[in-house]
Amino acid sequence: MFTHVNGASGKYFYPEILPLGVALLDFDADDDLDVFVVQGHTLGGTRAQGDAASGGQLFRNDLHVAADGRRTLRFTNVTAASGLVATGYGMGAATGDIDNDGDVDLYVMNFGPNQMFRNNGNGTFTDVTKESGTANQPGFAVSAAFLD
């Protein structure tokens, strides 16, 4: 289960009133779309009760097709196992293959430094923000696109 925290403080900070970002990607190369959802937190230096300490979340699509053709769809939270640590105030996410290895990589846009995660091809990701120079620090980003 996922509960989005926008950090609503009653001060109407601009990031608080924007909707959360979602990325659809096949991170595990099983031909179905998985979901990455960004997460926010309280702005202004202090975290309120209920803030999500775990940040953005990755959900694996566990589609099951029965012999009679019935489909059962379930999404499993695999954030911890994937190595994704996206703890910024998430605004958006984009996917693409940054190293041309056939695996879908993930870029997370934040209110603050962005993060780039390289897909290792085994269900895990590595934070390559520093090496890729994609932090956009300081900054505020809500969208991005990958082109080939």
Checked pairs for segment 1-22, first outside any helix (DSSP H, G or I), second among the acidic types (Asp, Glu), C-beta under 6 Å and 6 or more apart or across chains, list as 5/51; 6/16; 7/16; 8/16
Output for Cβ contacts, cut-off 6 Å, separation at least six or different chains, first residue touching a residue at least 40 places away in the same chain (Cβ under 8 Å) and part of a loop (DSSP other than H, G, I, E, B) in segment 117-128, second open to solvent by 40 Å² or more (accessible area, probe 1.4 Å) and of a type in the set (D, E, K, R), reads 123/28
Selection from segment 4-16 of residues out of contact with any strand residue (DSSP E or B) (no Cβ under 8 Å at 6 or more places or on another chain) and within 28 Å of residue 96 (Cβ to Cβ) yields 5, 6, 14
Across segment 27-44, the tally of residues that are surrounded by 15 or more Cβ atoms within 10 Å (Cβ to Cβ) and either of a type in the set (D, E, K, R) or within 30 Å of residue 71 (Cβ to Cβ) (or both) stands at 8
Among 81, 135, 86, the single one that is open to solvent by 20 Å² or more (accessible area, probe 1.4 Å), hydrophobic (A, V, I, L, M, F, W, C) and either at pLDDT 90 or above or under 20 Å from residue 33 (Cβ atoms) (or both) is 81
Residue hits (segment 104-124; open to solvent by 20 Å² or more (accessible area, probe 1.4 Å) and on the phi > 0 side of the Ramachandran plot) are 121, 123
Scanning segment 64-78 residue by residue, those farther than 30 Å from residue 88 by Cα and not in a strand (DSSP E or B) turn out to be 66, 67, 68, 69, 70
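The values are calculated or read from the model by the stated rules, or taken from the named source; none is laboratory data. All values derive from a computational prediction rather than experimental measurement. We place every Cβ from the backbone using ideal geometry, glycine too, and count neighbours over all the protein chains shown. For accessibility, only protein heavy atoms count, side chains too; no ligands or nucleic acids. Shrake-Rupley method; radii C 1.70, N 1.55, O 1.52, S 1.80 Å.
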